[in-house]
């Protein structure tokens, strides 16, 4: 499932505000989700590609250990930091 | 069976190849069907690196600033109007309007990940294993 109505800037903003991911910009925009002082997930958001295409969207979801549906929920608001931590716990990525 | 090497820029500039995924057949018109006997058909980019060796697979032979002990294998697919190159067993991808762009972004991402994994930050999850894997692949 892609997000024709969303763009890379919106996703980046959601990741920053909801998951406290800090991005650094090079040729691509890379950001890491840090929990308990450890780097848990690393996501790449391509710069200069405004629309979120299906393939890119799916890969970003995978990098965050989310399903496409959950990444949609991150953008649309139901999924916040607490819910994200629950997802990571269920997937065995954090204790 | 032998196929003449073709410049990646040549087929990347072929609009039927670079913009319309299914038209990849024009670039691969001599390939046997999937499952048939493998035929080695390398495509080269402008730097004469092998980019695509068979449909669905892509090999990164060097990173922008590092050489590799052996190529890093990735999947290559065309989806929703863009090329996606996704490394096997390493959570990085590249995308672009052409397979060459996707390959180059993937190479940059692999290097960026390697640098990130060695910046001294504590690693959780599977990152320690990923760093170990990259340490074996990257020639120091």
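We did not get these values from a lab; they are worked out from the coordinates using the rules stated. Note that the structure is a prediction, hence the values are computed from the model and not measured. Using ideal geometry, Cβ is built from the backbone for each residue, glycine included, and neighbour counts are taken over all protein chains shown.
Quick notes
- Ordered by the number of other Cβ atoms lying within 10 Å of each residue's own Cβ, fewest first, A:56, B:98 fall into the sequence B:98, A:56.
- Averaged over B:71-81, number of beta-carbon atoms from partner chains that fall within 10 Å: 2
- Relative exposure of B:65, B:112, judged by other C-beta atoms within 10 Å (fewest first): B:65, B:112
- Theoretical FRET efficiency, 1/(1+(r/R0)^6), r = Cβ-Cβ of residue A:9 and residue B:139, R0 45 Å, to 0.05: 0.75
- For A:73, A:28, order by how many other beta-carbon atoms lie within 10 Å, fewest first: A:73, A:28
- GNM flexibility winner over chain A from A:42, A:24, A:14 (Cα, springs under 10 Å): A:24
- Across chain A, the mean sequence separation of Cα contacts (distance under 8 Å, 6 or more residues apart), normalised by length, yields a relative contact order of 30 percent.
- Residue A:23-residue A:81 pseudo-label distance in nm [points 7 Å out on the Cα-to-Cβ vector]: 1.9 nm
- Whether the range A:3-86 is rounded, prolate or oblate, judged on the alpha carbon gyration tensor where a/c under 1.5 counts as rounded: oblate
- Overall form of the range B:61-118 per C-alpha gyration tensor (a/c, 1.5; a/b vs b/c): prolate
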